[in-house]
1. Please specify each residue of the range 199-215 satisfying the condition of being under 19 Å from residue 274 (Cβ atoms) and either in contact with a helix residue (DSSP H, G or I) (Cβ under 7 Å, 6 or more places away or on another chain) or surrounded by 22 or more Cβ atoms within 10 Å (Cβ to Cβ) (or both).
2. Given the conditions (1) part of a helix (DSSP H, G or I); (2) farther than 28 Å from residue 624 by Cα; (3) touching a helix residue (DSSP H, G or I) at 6+ places or on another chain (Cβ under 6 Å), which single one is not true for residue 371?
3. Name the residues in the range 143-168 that are in contact (Cβ under 8 Å) with a residue 60 or more places away in the chain and either outside the structural domain of residue 112 (by TED's automatic domain parsing) or farther than 25 Å from residue 213 by Cβ (or both), would you?
4. Going by the conditions given, is residue 408 out of contact with any strand residue (DSSP E or B) (no Cβ under 8 Å at 6 or more places or on another chain), in a helix (DSSP H, G or I) and under 23 Å from residue 332 (Cα atoms)?
5. Do you know which residues across the range 601-613 are at pLDDT 90 or above and in a loop (DSSP other than H, G, I, E, B)?
6. Sort out which residues of the range 315-327 are assigned to a loop (DSSP other than H, G, I, E, B) and surrounded by 21 or more Cβ atoms within 10 Å (Cβ to Cβ), and write them in order of number.
7. Take the range 265-281 and flag every residue that is part of a helix (DSSP H, G or I) and out of contact with any helix residue (DSSP H, G or I) (no Cβ under 7 Å at 6 or more places or on another chain).
8. Working carefully through the options 48, 65, find the one that is in the same structural domain as residue 248 (by TED's automatic domain parsing), modelled with pLDDT of 95 or more and out of contact with any strand residue (DSSP E or B) (no Cβ under 9 Å at 6 or more places or on another chain).
């Protein structure tokens, strides 16, 4: 079977682990687990990046040597992951001797190829980013990330002939649409390659920096931190002759946040080309977690600590929320009230209540033993068929890093099983002594729960394993096989004893501090916003729709002309300012919500009849939509 290799970025040790680190690493762990469940050979890599100016600065502030400082912070990362049920196969440090040797071997290989030269360069150097900026890249003379004026430095350094490989890289990206995903980031990288990129400065003189890996061909210089750090993805696999490199590199997927897109999508593949190493399979890019629409920042005091959230609300709820709430690729807003909302609605009410009811009924009607499904009828087969369909969609979407959609699809079946309980009414069947029918209904419910628990193992391993144990079937990765789950509904052996009850997801009330924050926020909004009556709201015709086609509006860079099916005889023509956020291909066949009775208006000479509704996530945009099964033309109320 095809191997699967997933890597997180190696985290820079100038700060302790926070929500952003936790999200990326939980995503990697979850994707790794879904492949494990399909019996694929997998390798999951994470670690810490430990060289550079910022480390020396941070160590000095803490009255430590760089070695002491990186040992302490790296240990924080290593010790945090098991507490979040994260199980990497390898934790790498760029101070590892084997990594240092690999970096020097690759530098020598690139140098011997004639792709490294010595030259003089003057540029605007940001110590926070540890990189040079051109005049064009600065914003009002400031670093775009740190909003500080960089220092102009003129010095002699070594340079990598990156420009030599930019055209081959562009061709590879164009010929391999899945090389960078989501598509918006692929387009962003192609845009970068259309600019005049220069060769890459890959050294720092020891007169300015000593905390780094020496160049093998000049001991007066150390390696630029990015050239050092990126090589971890192959040094961890024991490039070039290690079995792990031979077995896993062909299935390599890198997972990164959007702020480090350029090093991974431009620097790294050109380095690989020069070194004669095959390119990775794909780069998967996610957005930021914001706090009340503001990016997390130590200076603002809004950094979320993952272990605190785990202790407060439980690990399963925390992992589930992160994967369910963020549409991969877009920014998402983190709040405790949103986490509690997901916990209470999805986990406590939907899944937790369903599990507890089914276990209790099994004890009441069958002394706690799994009955036999004797005569499934059309209602049971409809339920089983829907389950198989939802499970198949869930795996496909999960493998494609569409975690929110995957969980939404799985919850279609969770919701259906709750309805199936009410419609089948086991209590009435028991009262009327319809034993054969009761056996079948209860088996369908118990087996459905087993399948749900198994599929949830990548998202919340601990809770999944507990549900399996409550169903009398302890989790065993050696026998688990998601592929086989789509072909049968017979995983539970009749006669198996199940637990009496389940209370894995107790409801949680917001603490007083969180309630006060929410109340203050609501009061502030009410003070600023005018109120509308219910009659005002009723006059709005909000309907679901589906984008049939999307084209650029001539002469307008930010506008699309959309044709939207809202259940009428012909699609509506709507002009929308979405070109900065979506490609036409991203929009076509996408579900949307439309304000259909907005007065028509000409925009850039094009008549627009309606408005597509969206939500801003920081600098990103997310379209509003309804349940996946909702047809165009349904009214929002």
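1. Step one: of the range 199-215, the residues under 19 Å from residue 274 (Cβ atoms) are 199-203, 213, 215.
Passing the criteria: 199, 200, 202, 203, 213, 215.
2. Among (1) part of a helix (DSSP H, G or I); (2) farther than 28 Å from residue 624 by Cα; (3) touching a helix residue (DSSP H, G or I) at 6+ places or on another chain (Cβ under 6 Å), residue 371 violates only (1).
3. 166, 168
4. Details: out of contact with any strand residue (DSSP E or B) (no Cβ under 8 Å at 6 or more places or on another chain): yes; in a helix (DSSP H, G or I): yes; under 23 Å from residue 332 (Cα atoms): yes.
Yes, satisfied.
5. 609, 610, 613, listed by residue number.
6. Of everything in the range 315-327, just one residue is assigned to a loop (DSSP other than H, G, I, E, B) and surrounded by 21 or more Cβ atoms within 10 Å (Cβ to Cβ), namely 326.
7. Let us first name the residues in the range 265-281 that are part of a helix (DSSP H, G or I), namely 265-275.
If the condition is that a residue be part of a helix (DSSP H, G or I) and out of contact with any helix residue (DSSP H, G or I) (no Cβ under 7 Å at 6 or more places or on another chain), then 272 is the only one that fits.
8. The unique qualifying residue is 65.
The values are calculated or read from the model by the stated rules, or taken from the named source; none is laboratory data. Quick caveat, the model's predicted, so the values are computed rather than measured. As a convention, Cβ positions derive from the backbone with ideal geometry for all residues, glycine included, and neighbour counts pool all protein chains shown.
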